[in-house]
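The values are calculated or read from the model by the stated rules, or taken from the named source; none is laboratory data. Note that the coordinates shown come from a computational prediction; the quantities given were computed from them, not determined experimentally. As a convention, Cβ positions derive from the backbone with ideal geometry for all residues, glycine included, and neighbour counts pool all protein chains shown.
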Amino acid sequence: MTNAGVGMSHPTARFLEELDRQGHHPVLEEVTGTIRLDLRDEHGTEHWYVTVNAGDVHVSQDDRRADCVVHADRRIFDQMVTGQLNQWQGWLRNLYRVEGDGLLFRLFANVFPGPAGARHPYDLYRRSRKHR
């Protein structure tokens with residue numbers, strides 16, 4: 001992680017810094033590629049560069065070519081990384097734009113948290129099986 005990301009307080013920065021700290025993410029073991037996030041706010045555009053190599057994740061703030069580039073308002077992306085906005089809902093509402101390998105971003109979005117209080121569908125299935 002570059003020093004540029006250290007000390008930033010918005011949810012996206014915290015989320016990406018934590019991804020970098022964790023290093024490996026089993027849900028991304030089948031994924032390899034690069035993603036650049038171009039997140040704009042009233043101060044300009046902030047760049048985040050995510051490299052995924054068979055589940056190993058590295059994050060920096062480089063502004064260079066990537067397999068996939070996501071253009072979004074930072075507040076929208078903050079909502080996605082906190083589980084307030086599903087990435088599909090955001091895409092359908094045209095709240096962000098993806099250039100290049102859109103499937104790569106879709107797979108990467110699997111590390112985003114779900115909404116607060118959400119339960120996995122399998123949990124509901126298991127619970128219904130116990131009551132039979």
Are any of the residues in the stretch 47-58 farther than 15 Å from Val111 by Cβ and in contact (Cβ under 8 Å) with a residue 12 or more places away in the chain?
-> yes
Screening Ala109, Ala4 for residues that are at pLDDT 90 or above and either surrounded by fewer than 18 Cβ atoms within 10 Å (Cβ to Cβ) or touching a Cys at 6+ places or on another chain (Cβ under 9 Å) (or both) leaves only Ala109
Hand me the list of strands (runs of 3 or more DSSP E) wholly inside the stretch 19-96 holding 2 or more residues that are more than 12 Å from the chain's Cα centre (by Cα) and surrounded by fewer than 13 Cβ atoms within 10 Å (Cβ to Cβ).
-> 44-53
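Does at least one position in the stretch 114-129 carry a residue that is of a type outside the set (A, V, I, L, M), in contact with a helix residue (DSSP H, G or I) (Cβ under 8 Å, 6 or more places away or on another chain) and either closer than 25 Å to Ser9 by Cβ or modelled with pLDDT of 90 or more (or both)?
No, every residue in the stretch 114-129 fails to be of a type outside the set (A, V, I, L, M), in contact with a helix residue (DSSP H, G or I) (Cβ under 8 Å, 6 or more places away or on another chain) and either closer than 25 Å to Ser9 by Cβ or modelled with pLDDT of 90 or more (or both).
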